[in-house]
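In what follows, a structure is listed as structure tokens, so that the remarks can point back to it.
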Amino acid sequence: MSYFRVQLIRSAIGLPRRSTDVLKALGLKKRMGIVFHPVSPSVAGQIMKVKELVSVQEVDRALTKQEVRLERKPDPGYYVEKSSVDERAELTGH
């Protein structure tokens, strides 16, 4: 089963109430929020109503909140090859 991955890119501030109601129905509350919906004509119609505000991808499975969070987490910019405990053990010969 495939899913729509819908991400709110633009805010709905200042838009008609109809647009904000559609976003609420989709479960989008904050910018950059991500929700997953099964592919269906009704969901596709809701997405088309707010197509200027959202980014949509079709994915094979819905991710959990933890998986989405890990996906968004930036690379730390460095890698730890050895911990200080391992280095100390090598130096002392234990």
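The values are calculated or read from the model by the stated rules, or taken from the named source; none is laboratory data. Just so you know, these numbers come straight off a predicted model, no measurement behind them. Reconstructed Cβ throughout: ideal geometry from the backbone, glycine too, with neighbour counts over all protein chains shown. The accessibility values were calculated without ligands, DNA or RNA, using every heavy atom of the protein model including side chains. Shrake-Rupley method; radii C 1.70, N 1.55, O 1.52, S 1.80 Å.
Just the accessible area per residue of the stretch 1-92, please: how many Å² with a 1.4 Å probe?
Here the per-residue accessible area is 80 Å².
Just want the answer: with Cβ charges of +1 for Lys and Arg and -1 for Asp and Glu, which residue in 59, 4, 42 is farthest toward the dipole's positive end in the chain?
About the Cα centre, the residue reaching furthest to the positive side is 42.
Can you give the FRET efficiency to the nearest 0.05 for residue 36 and residue 82, using r as the Cβ-Cβ distance and R₀ = 30 Å?
My answer for the efficiency is 0.15.
Treating only the Cβ atoms of Lys and Arg (+1) and Asp and Glu (-1) as charged, compute the dipole magnitude of the chain about its Cα centre; round to the nearest 20 debye.
Around 880 debye, computed over the chain.
Could you check which residue among 21, 60, 75 shows the biggest mean-square fluctuation in a GNM of the chain with a 10 Å Cα cutoff?
75
What does the net charge come to around residue 61 if you take all other residues with beta carbon closer than 12 Å to its beta carbon, with K and R at +1 and D and E at -1?
Numbers: positive: 5; negative: 58, 60, 67.
That sum, taken over residues with Cβ under 12 Å, equals -2.
Looking at the chain as a GNM with Cα springs under 10 Å, which of 67, 52, 81 has the largest mean-square fluctuation?
The residue that fluctuates most here is 81.
Of the accessible area of the stretch 5-63, with the probe set at 1.4 angstrom, what percent is carbon plus sulfur?
On the stretch 5-63, the fraction of accessible area on carbon and sulfur atoms equals 54 percent.
What do the square roots of 5 times the Cα gyration tensor eigenvalues come to for the chain, in whole Å, largest first, as semi-axes of the equivalent ellipsoid?
Each semi-axis is the square root of five times an eigenvalue, giving 44, 16, 9 Å.
As a check on your grasp of the helix formula, calculate [θ] at 222 nm for the chain: sum -39500 (n - 2.57) over DSSP H runs of n ≥ 4, divide by the residue count, round to the nearest 500.
Mean residue ellipticity at 222 nm (helix-derived): -11000 deg cm²/dmol.
Highest mean first, what order results for 29-37, 12-20 on Cβ atoms within 10 Å? Show your work: numbers first, answer last.
Values: 29-37: 13.9, 12-20: 11.7.
In descending order of packing, they fall as 29-37, 12-20.
Net charge near residue 29: determine it from the other residues with C-beta under 15 Å of the C-beta of residue 29, scoring Lys and Arg +1 and Asp and Glu -1.
+4
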